[in-house]
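Working notes for the structure below.
The values are calculated or read from the model by the stated rules, or taken from the named source; none is laboratory data. Note that the structure is predicted; figures quoted are calculated from it, not measured. Here Cβ is always computed from backbone atoms with ideal geometry, including for glycine, and neighbour counts include all displayed protein chains.
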Amino acid sequence: MNLKIKYLYALGLSFLLTAQSGYSQSAEKGALPKIKVSKNQHYFVTEDEKPFFWLGDTGWLTFGKLDRAGVDKYFKDRKAKGFNVVQVMVLHNINAVNIYGSAALINEDVSKPFITAGNNFNSKKEYDYWDHVDYTLEVARKNGIYLAMVPVWGTNVSKGNKVSKEQAIEYATFLANRYKNKTNVIWLNGGDTHGNEFMDIWNAIGSTLKTSNPDQLVTFHPFGRTDSSENYHNAKWLDFNMFQSGHRRYDQDSVKTNFKEDNYKFVLRDFELKPTKPTLDGEPSYEGIPHGLHDTLQPKWTASDVRRYGYWSVLSGAAGYTYGHNAVMQMFRKGDKPAYGNKELWTSAINAPGAKQMIYIKKLMLQFPFLEGVPDETLIANQGSRYDYLAAIRGQNYALIYTYNGKRMEVNMGKIAGDKVKASWYNPRNGKEIKIGSINNTGTKEFQPLGIKKDGNDWVLILRSN
């Protein structure tokens, strides 16, 4: 044990409780507005009641693999592309060490963060793992981005049981104290783990975070093809639901009871649960990742797939959507050992087609009072299954219907106000709108999207009350 670690031990808990507050305890200029659940409990708003559409990116390994310049580049880019949330692991492993060689923990014990005193942004010698987390939070804030942080990735608990309940409570208390003044912090409890396992630990972390900082949103990031609502919907610490629709194709999934690629089914189910809580897809198939993850000879998911998951879920009542890319989620750098067959550098992958197209989901929804949106499959007279499914949502004066493949729509009219409605097509690939015209708001009307029927020829039909 080196002298620095012995020194930390000698100072004791009182020093830790003081030092851990570090930078974040000072009042922040230009703090982002707090995010809260909307009055109807289905969506998010800012503290001043402005609609907040969650458009997330998956930057899981940001804290461990990016230096300051990388952090600056990444968040500047994500701001430019319209993202307002980034999902990131605080601890990928309990032996986490960042790019500067600073360990997160003493002796791989989550209850003992390795901390140097004070705000050391400008001291190379004293710039520790947690200072780098603070720096990243500050850069995110300046770019208008909220960090949805996983305290400790689920495998550290589920494999080898390396975290006890007591350690988890101490660690969550540390996080809550250090980041209590951060308005751009959201907590993702769990981390790609089964919600019905080690529930005592996940409940302890969730309860500690929420009790300490009631104004910071908390959810649970679950294992693939599962949903936080299945185990924690009634937990007092859970503010909104998050599901992981996952990375497999229909034919790669042997589980008969889940929703397979049909991520909208999670949303439709969660939308009706009581008590009412927002829900969203926090991990759909990543752009550039092999179908099923592990066989690198399989085809890779594309921009059209991430669009499909986005519009399917949002037009079924989700409060937002999180995009991901294989290279970006692992912040792949030259010399890194690749996971999931990735060969592209993160600095290139941030410009992937799907990443550029995500902004059009947010732009579409912000055109309308989406906080009043209610999923309504009765709008569709010719509903299909799998890739022929038509997702539909409406408010008082608008309706939005999505096709992934240019399928002809038969729409039951009269579901929104007005004797006539204005119809148009919205292109998810470029955000452009093409007018159809004014039509009578009665009976059943047919709408034929532009182009031929094929996967990826996706369109949104917009109906507006005259």
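Brief remarks follow.
- Hits in segment 114-143 - residues which are of a type in the set (Phe, Trp, Tyr) and at pLDDT below 95: Phe121, Tyr127
- Test for Asp305: is it within 21 Å of the chain's Cα centre (by Cα) and among the acidic types (Asp, Glu): yes
- One residue stands out among those in segment 282-328 that are acidic (Asp, Glu) and over 25 Å from Gly64 (Cβ atoms): the one that is surrounded by the fewest Cβ atoms within 10 Å (Cβ to Cβ), which is Asp295.
Yes/no per residue for (1) assigned to a loop (DSSP other than H, G, I, E, B); (2) in the same structural domain as Ala327 (by TED's automatic domain parsing); (3) free of Cβ contacts under 8 Å to residues at least 60 places away in the same chain:
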site	(1), (2), (3)
Val267	no, yes, no
Lys274	yes, yes, yes
Lys277	yes, yes, no
Ser285	yes, yes, yes
Gly292	yes, yes, yes
Thr296	yes, yes, yes
Ser304	no, yes, no
Arg308	no, yes, no
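- Top-ranked residue of segment 218-250 - restricted to ones that are among the charged types (D, E, K, R) and in contact with a Lys or Arg (Cβ under 9 Å, 6 or more places away or on another chain), ranked as surrounded by the most Cβ atoms within 10 Å (Cβ to Cβ): Asp227
- Flag if Lys445 is surrounded by 15 or more Cβ atoms within 10 Å (Cβ to Cβ), charged (D, E, K, R), in contact with a helix residue (DSSP H, G or I) (Cβ under 9 Å, 6 or more places away or on another chain) and over 27 Å from Val306 (Cβ atoms): no
- Looking across segment 372-426 at every residue that is of a type in the set (Ser, Thr, Tyr) and touching a strand residue (DSSP E or B) at 6+ places or on another chain (Cβ under 8 Å), the one that is nearest to Gln41 (Cα to Cα) is identified as Tyr398.
- Filter pass, Gly64 being modelled with pLDDT of 95 or more and in contact with a Ser or Thr (Cβ under 8 Å, 6 or more places away or on another chain): no
- When we screen Ile452, Ile401 for residues that are within 28 Å of the chain's Cα centre (by Cα) and modelled with pLDDT of 95 or more, the only hit is Ile401.
- In segment 76-110, the qualifying residues are those that are touching a residue at least 40 places away in the same chain (Cβ under 8 Å) and part of a strand (DSSP E or B), and the one that is nearest to Lys362 (Cα to Cα) is Val85.
- Identity of the residue in segment 228-278, of a type in the set (Ser, Thr, Tyr) and under 21 Å from the mean Cα position of the chain (by Cα), that ends up farthest from His194 (Cα to Cα): Thr276
- The set of residues from segment 335-394 being under 26 Å from Asp262 (Cα atoms), more than 20 Å from the chain's Cα centre (by Cα) and of a type in the set (D, E, K, R) comprises Glu372, Asp376, Glu377, Arg386, Asp388, Arg394.
- Residue check, Lys50 closer than 23 Å to Gly282 by Cβ and surrounded by fewer than 17 Cβ atoms within 10 Å (Cβ to Cβ): yes
- Residue pairs meeting the criteria (Cβ under 9 Å; at least 6 apart or on separate chains; first in the same structural domain as Tyr402 (by TED's automatic domain parsing) and touching a residue at least 24 places away in the same chain (Cβ under 8 Å), in segment 374-386; second loosely packed, with under 13 Cβ neighbours inside 10 Å and in a helix (DSSP H, G or I)): Arg386/Tyr250
- Evaluation of Lys165 against (1) under 21 Å from Asp281 (Cβ atoms); (2) without any contact (Cβ under 8 Å) to a residue 60 or more places away in the chain (one fails), failing number: (1)
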